[in-house]
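Report on the following structure.
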Amino acid sequence: MLDDLHAEILDLWRLNYGIIILLPKLREANNIKQYRPICLLNVIYKIITKVLTLRLTRWAGKVISKKQTVCFLLIMNTCLLAKWIDRLERGDNTICGELLRKKYMGEKSIYQVHRRGGSQFWRGLVEAKQWFEWGRKMKIKSGAQTRFWKDVWIGETALKTQFPRLYQCCADPEISVEHALTSTGGQLTFRRTLGPREMEEWRLLLEQLSNVQLEEGRDELIWCFEKSGQYSTKSLYRFMANGGVADPLLSSIWKCRVPLKIQIFMWMTFRDSIHSKVQLKKRNWAGQEECKLCGREESTDHLLFQCPVACFLWVFIKESLGWPLYPSRCEDLCVFLRDVKGAKLLSLFVQERCGCCGKRGMTMSSTTRLCRTLQWWSTRWCRCSGNGARW
Ligand SMILES: [Zn+2]
């Protein structure tokens, strides 16, 4: 059968055939009422999909990228279902389109129908339509398939956003453009008399509507995410998977080859949200704001860059690695990280591979340099403080 499928000679039109079987309810059933009829549908189709699934499972790890997670599948599923919404909105004439229209929608748009229950496919479409709405704009013909307040059809946003006060007191939020505009706006009614601000909005609305002309025909859909106005799965996927505006600096932190806990600590530092005393004070902490070591106000900058102990550490690093200067504030470190060399700042300390053994850690040269400088610093410190015994 699978060979027939690949040779394209399998009788696919017979997929809709059902096999009805009568299961006896009693041991010696002889009356039709004593049988329970069951219908086996699409058995061939199920066998084929099962075989293909079993064959694919072995290769799935190689064929499917690691990025294609459950989240990817959910988004992709929504995008493919949105393709169906697009076809329905454009008045698709295929059998499936006709069937959905007869069963659920009539001549209305899917957005004018509020039926949530139904077949699994229909429920999928209802789920996907909230996403499809983001890129949907209507070009008015008869106005029957477009909602007056909620759809984008005049201007760049929906009228409910352009005229929020009028929308709040309108009698029918779901009214179609056709009903609202026939008999010269007489159908637009409100639940109460309009105040001065609402009258101002009403005047502006009438001004906008003065140019609208209705004509015969179904309203046309324009897909805003594509220049051509035609729906594409890719454009909706891009919209849905968009993670927002990314800060290049923060993303450079995540690219650093350092342990995750250090990345998280740096991220918190740049967002000024580590638990310095100034931050704790904002959360009604009862203690004192002063630094225990030097008595100055303990902000994030002070804690990591300006406190004498931190300064000592930074100068030590600067001297041992031959940097021209060292950071004294968070912003300095940001500038440093933006620099190409700076992006590898932490990798240099923590996770650089050793040239000799390939182990992760500091290379021999940077380790030697750090040790030598530490030695130099400690002897100098001993000489200055005159407390050599402890060092
Ligand atoms: Zn301090």
Looking across region 288-331 at residues that are within 10 Å of the ligand (Cβ to nearest atom) and charged (D, E, K, R), the single one that is surrounded by the most Cβ atoms within 10 Å (Cβ to Cβ) is Glu298
So for region 22-41 (the condition being in a loop (DSSP other than H, G, I, E, B), modelled with pLDDT of 75 or more, touching a helix residue (DSSP H, G or I) at 6+ places or on another chain (Cβ under 6 Å) and assigned by TED's automatic domain parsing to the domain that holds Leu10), does at least one residue qualify?
yes
query: Any chance region 170-179 includes a residue that's touching a residue at least 60 places away in the same chain (Cβ under 8 Å), touching a Ser or Thr at 6+ places or on another chain (Cβ under 7 Å) and assigned to a loop (DSSP other than H, G, I, E, B)?
result: no
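Residues are listed down the side, and each one gets a yes or a no for (1) on the phi > 0 side of the Ramachandran plot; (2) over 22 Å from the mean Cα position of the chain (by Cα); (3) polar (S, T, N, Q):
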| residue | (1), (2), (3) |
| --- | --- |
| Ile222 | no, yes, no |
| Tyr237 | no, no, no |
| Asp247 | no, no, no |
| Ser251 | no, no, yes |
| Trp254 | no, no, no |
| Leu260 | no, yes, no |
| His275 | no, yes, no |
| Val278 | no, yes, no |
| Cys291 | no, yes, no |
Return yes when Cys334 is within 16 Å of the ligand (Cβ to nearest atom), under 19 Å from Ile262 (Cβ atoms), at pLDDT below 85 and assigned by TED's automatic domain parsing to the domain that holds Leu260 and no when it is not.
no
Within region 92-135, restricting to residues that are in contact (Cβ under 8 Å) with a residue 60 or more places away in the chain and part of a helix (DSSP H, G or I), the one that is surrounded by the most Cβ atoms within 10 Å (Cβ to Cβ) is Phe132
The condition from (1) part of a helix (DSSP H, G or I); (2) more than 30 Å from Lys129 (Cα to Cα) that Trp285 misses is numbered (1)
Listed by first then second residue, the pairs whose first member lies in region 309-329 and is within 26 Å of Lys292 (Cβ to Cβ), whose partner is within 16 Å of the ligand (Cβ to nearest atom) and charged (D, E, K, R), with beta carbons under 7 Å and at least 6 positions apart or on separate chains, are Arg329/Asp301
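The values are calculated or read from the model by the stated rules, or taken from the named source; none is laboratory data. Nothing here was measured: the structure is a model prediction, and the numbers come from that model. As a convention, Cβ positions derive from the backbone with ideal geometry for all residues, glycine included, and neighbour counts pool all protein chains shown.
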